[in-house]
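Asks: Starting off with a structure, shown below.
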Amino acid sequence: MPAAKSKGASSRTLALKACHCMQQLALAQEEHLPESRLSDMLKVSRTPIRSALVLLSEEGVLERRPNRGFFLKDTAALQRFIVEHEAEEYREALPELSFTLALDYLKGDLNPELQETDLARVYDVTRSHAQQVLQAMEAEGWITPRLGHGWEFNTTLTSPHSYDQCYRYRALIEPAALLEPTFRAEPGELTRLISDQQDLLDGKSPQHAGSMFTSGTDLHESLVGFAHNPFLLDGLQKANRLRRLIEYTLSPVRDTSRRECHEHLQLLKMVSAGELARAAEFMALHLQRAREEKVELVQNMLQKRFQR
């Protein structure tokens, strides 16, 4: 039984990665998904790839056609699968202590240099567990090994300047994505995004840190994905991964969830109406407002660290 559970978890993880590949390939509905291309992108043999695609066909994302392979059946189902499984995969991929260490560092209670033996002693865990935690944090991009021995937090995680640059980067690419000649919004996907934001606004969905970050990144990445330019989407996804931990930390001190939902709904309605130039202008204003508010909060939150 445990082996079967592990296999299922592995297939879900690979299925999630396959979904991200489909986004990068800007795969259109009813388009064929070559298993060999997916195998090359994920550097995995075709047998586990096929298991993941079978799972996605059972979830309604793909359609399996005899002697022809797998085809993208429903772009809305594709995005739903990503949203529903990404937060779970993210939490499962990182030990709980990873978040504790990172948040303690952001609060100024932990030095930027990390040693396995010190962490094991202070946080009352085995040295082996401390090593696993640090390796997981390195894979996430939070820390890097130091020359010689030990680890160090990356400045991109905690620098207000880097956080500001992240928002400036988003302000460059997201409005531009709406004006790409290849921009093509999926009506079903727009309906889902509008429904998700309305549920948050009406209190039908929880407004905790994880849900607000996930719903926001889902919306922005979906809109950029409509441009069918994999470079734009890949760049935004990388930027979102870097700001994720700080966003989780900021959520308890912010009271803007309703305003963000209102702005998201305005943006989606403009896109639905085909008013893309207007939507691009609104997107720029939306990101500028969020940037001004959040950068100030980050500066205040990290002030203790930079005064040390």
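Each value in this text was obtained by applying a stated rule to the coordinates, not by laboratory testing. It should be emphasised that the depicted structure is a prediction, and the values quoted were computed from it without experimental measurement.
Asks: Taking 0.36 nm per residue of sequence separation and subtracting the Cα-Cα distance, how much length would be gained by fully extending the chain between residue 113 and residue 63, in nm to one decimal?
Replies: Residue separation times 0.36 nm, minus the Cα-Cα distance, leaves 13.1 nm.
Asks: Show which aspartates and glutamates lie in cross-link reach of residue 269 when reach means a straight Cα distance below 17 angstrom and same-chain residues fewer than eight apart are skipped.
Replies: List returned: 174, 186, 189, 196, 199, 218, 221, 260, 281.
Asks: Now a separate question. Any of 238/294; 17/294; 107/294 with alpha carbons more than 25 Å apart? Name them for me.
Replies: 17/294
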